[in-house]
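Encoded as structure tokens, the structure appears first; notes follow it.
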Amino acid sequence: MKKAISAVLAATLLLAACTTPGGGGGGAAFPSSTINLTVAFGAGGGTDLTARAFQAAGSQYFNDQPITVSNVTGGGGATWYSQGHLQDADGYEVTVVTVEIVTLPLLQDVPFTPDDYRYVVMMNFPAAAITVHADSPWYTLQDLLDEAAENPSQIRVGNSGVNAIWDLHTHALSQAAGVSFNHIPYEGAAPAVVALMAGEIDAVAVSAAEVSTQVLDGTFRLLAVAASERLDSFPDVPTHGELGLDVPNIGGWRGLALPAGASDEVVAEFEARAAQVIASQEFNDIMSGADLTVNFLGSADFTAYVQEQQAFFADMIEELGLRE
Amino acid sequence: MKIGSILATLCFMILGAVFFVLAGDLASGSGGDVGAGFFPRAISVLMIICGISIIMGEVRKNSPELFFNSFITKSILMGLISVAYVFFMELLGFVIATPIYIFAYLLLLDQRKMLMNTLYSVCVTAVVYYVFRELLNVRLSVSFLGI
Amino acid sequence: MELELVMTAVGNVFEPETFITMIVGVVLGVLIGALPGLTATMGVALLLPLTFGMAPLPGLLVLISVFFGAIYGGSIPAILLKTPGTPAAAVTVIDGYELTKQGLGGRAMSISIVSAVFGGLFSTTVLILVAPQLAQVALRFNSPEYFALALFGLSIIISLSSTASLSKGIMVGLFGILISMIGVDPIIGVARFTFGNINLLGGLSFIPILIGIFAFAQVLVMIEELFMGKRSDPPMKIKSVFPRLSDLNRCKWTMLRSATFGSLMGAMPGVGADISAYISYNEERRWSKHRENMGNGEIAGVAAPETANSATAGGSFIPLLTLGIPGDAVTAVILGALVMQGVRPGPALFTEQRELLYSIFSGMIVSNLLLLVVAFIGLRFFIKILSIKKEFLIPAVVVLCVIGAFAINNNIFDVWVMLIMGFIWYAVGKFGFPQSPLIIALILGPMAEREFRRSLVLSNGSYSIFWESPIVVVLVTLAMITLFMPVLKPIFLKIFKPAKPASNGGQDNE
């Protein structure tokens with residue numbers, strides 16, 4: 001009996017020894033082990049696809065180390081963002097960070113703040129857009145806004161979730177234009193797009209990429225985008241700014257972040273390599289195939305941008321009383 | 001069975017009542033929405049009504065009273081050992097806790113062929129580890145041993 | 001000209017690289033589906049990165065093969081171990097496990113293979129023939145209609161519970177709806193019943209609960225039986241792997257009906273294989289000749305959900321390919337794969353990329369045929385699982401339960417949920433509280449609430465949005481009938497059956 005127990009323990013320890021990951025072995029230059037990207041949203045979505053594009057193009061710039069992508073969903077991103085900053089800060093545990101890192105703490109009680117992370121690179125910035133069905137009587141954004149002015153809170157604008165980024169865009173637009181809409185929440189961008197197709201709602205506030213298929217085949221009409229310049233993919237669509245509306249660039253940006261404890265050297269090293277990935281042909285090809293733009297910001301610019309966003313959303317959310 | 005059913009039903013009803021009270025603090029709706037508390041309250045009311053109906057039915061029935069016997073107690077104990085396994089897994093990591101757990105279980109279930117037990121414990125652990133960690137990238141229980 | 005295109009398209013599927021990856025996909029899919037805790041969604045998501053290195057067609061087809069394989073695979077432990085491998089197989093447990101207890105598990109497995117493949121082929125055919133038209137019909141389903149559908153689905157709880165435990169079944173259903181409200185309110189966005197716990201903010205994960213109340217609770221039951229000295233279930237005789245003709249004949253209408261329902265429901269975005277399995281099972285209890293036997297080991301009770309869930313899997317490609325809308329989580333991943341390969345689903349696919357489209361169709365058919373072969377080959381092997389000594393099976397199953405629950409979100413909290421729910425259901429199951437209503441409630445409860453409330457937001461509070469739609473009226477009426485049937489039935493019988501038998505044997509108004 002005793003022999004058996006010691007046999008099990010011995011075998012167990014042997015197994016344990018064999019399976020201990022090499023993880024960041026002290027002293028070895030970064031990167032010398034698997035890079036793990038974690039996405040706070042579901043597989044197949046825009047954030048996930050951006051991460052996978054990085055994965056596909058990235059290994060060769062990271063000493064051929066494998067890059068993995070896993071999804072830990074829940075709470076609109078909150079579930080992972082609360083855990084991501086608690087991971088090892090050695091550069092191997094990367095969080096794919098989105099605008100929600102800024103908006104969630106402002107809207108709810110969550111155990112994290114944007115300061116818990118160090119922002120390394122921004123990869124993509126899908127600007128918000130206003131889209132209507134091609135059968136509707138609105139040909140310009142002004143048409144829609146006029147109707148909204150005459151019928152307060154009647155125009156039904158679908159979004160991907162209450163106080164999600166596209167909904168915040170609707171709020172920003174209604175503030176700038178002085179009108180009010182009827183905000184209809186859905187469980188993501190896709191159901192909202194379906195609802196527009198079915199005529200259940202009058203407009204959607206999601207990104208241009210999420211409606212591109214339908215805009216290109218003529219089912220939808222893209223009225224305006226919330227970007228600083230016109231989109232390459234839709235050069236005929238004006239920006240809010242051009243239409244005289246004071247709506248800043250709002251979008252569900254995506255980037256890579258490390259826990260706040262990461263050292264400057266690791267961040268710099270990661271940034272340099274990630275920049276190469278983002279500039280690579282492969283990454284750009286995959287992104288454009290998926291209708292995702294590539295918008296790069298390095299660590300310093302990205303960090304500054306996050307702070308800007310924090311100030312901006314803090315103001316907006318406070319003014320609109322959106323915090324629960 | 002009868003007492004057990006009634007107790008269980010009461011538990012459900014109490015849960016319903018708790019949710020009912022908590023739902024009172026929830027935001028009310030705007031623009032036609034019935035509010036966040038409407039459904040929870042409606043459901044908890046239904047649960048309480050349903051519970052009364054169950055209890056009435058149970059009281060009328062003649063069902064055997066005896067519930068606890070040694071077999072059930074034993075299986076609950078075995079279940080609690082599984083709970084202990086999860087605790088140890090968090091502490092010691094998957095690779096260490098699992099073979100020990102499987103081995104212990106086999107012993108408790110009267111399997112005395114030590115060699116077989118050992119082999120089986122280690123193999124199952126190895127297979128599950130390989131499939132989940134390598135193939136599926138599931139990070140198995142970070143512990144101070146990093147395993 | 002068109003014919004040439006079709007021939008080329010079909011030929012593409014039989015290219016070695018494509019064909020072999022499809023076989024691998026089917027096998028992997030079945031294995032993933034068979035492990036409780038691993039779902040079709042996870043399987044497809046995990047293989048997604050591997051497909052980047054492949055050409056578009058093999059990459060897509062491997063994902064599709066995994067999908068069909070996994071939807072079938074869930075039925076294996078459902079029948080043999082009373083544990084659904086995927087949510088879609090939760091209904092298969094009902095009659096499937098009964099059959100195993102009677103020593104007829106082999107026949108159940110055979111029928112489930114045939115049903116699954118039939119469902120897949122049927123829905124693919126529907127897809128090929130009427131996809132665009134069906135997609136337009138599916139678009140008529142908006143919030144009010146989805147609410148009515150959810151209500152109708154919830155009313156199934158009533159009919160699935162026997163008269164004896166009717167109120168207990170309802171209680172379980174209500175409990176399920178109640179706990180499904182933990183998390184974030186879908187319309188207002190406030191946290192409900194979360195007590196500030198970040199883990200509850202996302203709500204209770206569904207899969208850990210499924211694993212807990214089926215697998216873990218079953219483990220506890222098995223341990224109890226072991227201690228009581230009950231050895232094993234009657235041995236399963238397998239004369240031949242193939243299903244008996246008599247079984248096939250018995251289930252033919254079931255399979256046709258369920259395949260139809262399944263395909264239609266797959267076409268509706270938002271209705272998944274799990275919901276359609278329940279609804280088809282329920283419809284079979286309404287229409288089938290064998291309905292009295294359902295719940296007691298009726299082979300048609302296995303055929304119905306298995307046909308339906310595979311048909312829904314195929315049907316969910318209808319909105320995906322015609323409109324570019326993912327019908328459920330798996331098709332969302334497949335949409336991602338399509339997009340990354342530069343394929344744009346929608347009308348463009350039907351006009352400009354016909355060869356690829358036809359290849360996809362052919363691939364869907366071929367993967368179902370491959371599934372048929374693979375599953376029958378594996379059948380004897382699967383059944384061998386049962387002959388593993390229970391003492392050895394039990395700890396392994398527990399380990400799988402724990403890891404499976406953990407793997408969903410890499411969160412140990414889910415494991416605790418799984419364990420707690422397992423203990424609760426072990427206890428409560430002894431008092432006659434069933435498991436199935438909990439699953440139905442967890443799936444349909446949230447849907448019912450959010451579609452109801454969203455409908456009201458859309459209509460600015462006017463309830464007319466509900467009765468203006470014929471679909472809603474029909475579904476709600478059906479739901480009401482089902483809900484009140486237990487109360488109405490005795491009344492009907494009293495009214496319509498004369499007190500003394502009349503000369504023409506009375507009328508049965510059901």
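Just one residue in the set C:Leu129, C:Leu149 is in contact with a Phe, Trp or Tyr (Cβ under 8 Å, 6 or more places away or on another chain) and closer than 30 Å to C:Pro347 by Cα; that residue is C:Leu149.
Here the condition is being within 14 Å of chain A (Cβ to nearest Cβ) and either farther than 23 Å from C:Thr312 by Cβ or surrounded by fewer than 19 Cβ atoms within 10 Å (Cβ to Cβ) (or both); of C:Gly324, C:Gly342, it holds for C:Gly342 alone. If only residues of region C:82-108 that are assigned to a loop (DSSP other than H, G, I, E, B) and of a type in the set (S, T, N, Q) are counted, the one that is surrounded by the most Cβ atoms within 10 Å (Cβ to Cβ) is C:Thr86. Is region A:305-315 home to any residue that is over 16 Å from the mean Cα position of the chain (by Cα), farther than 19 Å from A:Thr95 by Cβ and crowded, with 17+ Cβ neighbours inside 10 Å? The answer is no, given that none of the residues of region A:305-315 is over 16 Å from the mean Cα position of the chain (by Cα), farther than 19 Å from A:Thr95 by Cβ and crowded, with 17+ Cβ neighbours inside 10 Å. Looking at B:Ala27, is it within 27 Å of C:Ile177 (Cβ to Cβ), crowded, with 21+ Cβ neighbours inside 10 Å and not aromatic (Phe, Trp, Tyr)? No: the conditions fail for B:Ala27. Can we say C:Ala441 is touching a Gly at 6+ places or on another chain (Cβ under 6 Å), within 14 Å of chain B (Cβ to nearest Cβ), in contact (Cβ under 8 Å) with a residue 40 or more places away in the chain and under 22 Å from C:Ala88 (Cα atoms)? When the stated conditions are applied, C:Ala441 passes them. Residues of region C:336-388 that are in a loop (DSSP other than H, G, I, E, B), out of contact with any Ser or Thr (no Cβ under 7 Å at 6 or more places or on another chain) and charged (D, E, K, R): C:Glu352 alone. The residue of region C:275-321 that is farthest from C:Ser123 (Cα to Cα), among those that are of a type in the set (Val, Ile, Thr) and away from chain A (no Cβ under 14 Å), is C:Ile299. Identification of helices (runs of 4 or more DSSP H) wholly contained in region C:391-490 with 2 or more residues that are touching an Asp or Glu at 6+ places or on another chain (Cβ under 6 Å) yields C:436-458.
A count restricted to region C:168-209 and to residues that are aliphatic (A, V, I, L, M) and under 21 Å from A:Leu106 (Cβ atoms) stands at 8. Restricting attention to region C:9-25, the residues that are free of Cβ contacts under 8 Å to residues at least 60 places away in the same chain and small (Gly, Ala, Ser) total 1. Kindly indicate the residue of region A:32-44 that is surrounded by fewer than 23 Cβ atoms within 10 Å (Cβ to Cβ) and not polar (S, T, N, Q) and also modelled with the highest pLDDT among those meeting that condition. Once the filter is applied, the top-ranked residue is A:Leu37.
Scanning region A:90-142 for residues that are aliphatic (A, V, I, L, M) and closer than 17 Å to A:Val39 by Cα yields A:Val94, A:Val96, A:Val97, A:Val99, A:Ile101, A:Val102, A:Leu104, A:Val120, A:Val121, A:Met122, A:Met123. Look at region A:159-182: where a residue is within 12 Å of another protein chain (Cβ to nearest Cβ) and a partner is of a type in the set (Asp, Glu) and buried (at least 21 other Cβ atoms within 10 Å of the Cβ), sitting 6+ places away or on another chain with Cβ atoms under 6 Å, you get A:Asn159/A:Asp167. Is there a residue in region C:291-298 that is without any contact (Cβ under 8 Å) to a residue 40 or more places away in the chain and either under 16 Å from the mean Cα position of the chain (by Cα) or buried (at least 24 other Cβ atoms within 10 Å of the Cβ) (or both)? The answer is no, given that none of the residues of region C:291-298 is without any contact (Cβ under 8 Å) to a residue 40 or more places away in the chain and either under 16 Å from the mean Cα position of the chain (by Cα) or buried (at least 24 other Cβ atoms within 10 Å of the Cβ) (or both). For A:Val97, indicate whether it is in a strand (DSSP E or B) and within 16 Å of the chain's Cα centre (by Cα). Yes, satisfied.
The values are calculated or read from the model by the stated rules, or taken from the named source; none is laboratory data. Not measured: the values here are computed from a predicted model. For neighbour counting, all protein chains shown are included, and Cβ atoms are generated from backbone atoms with ideal geometry for every residue, glycine included.
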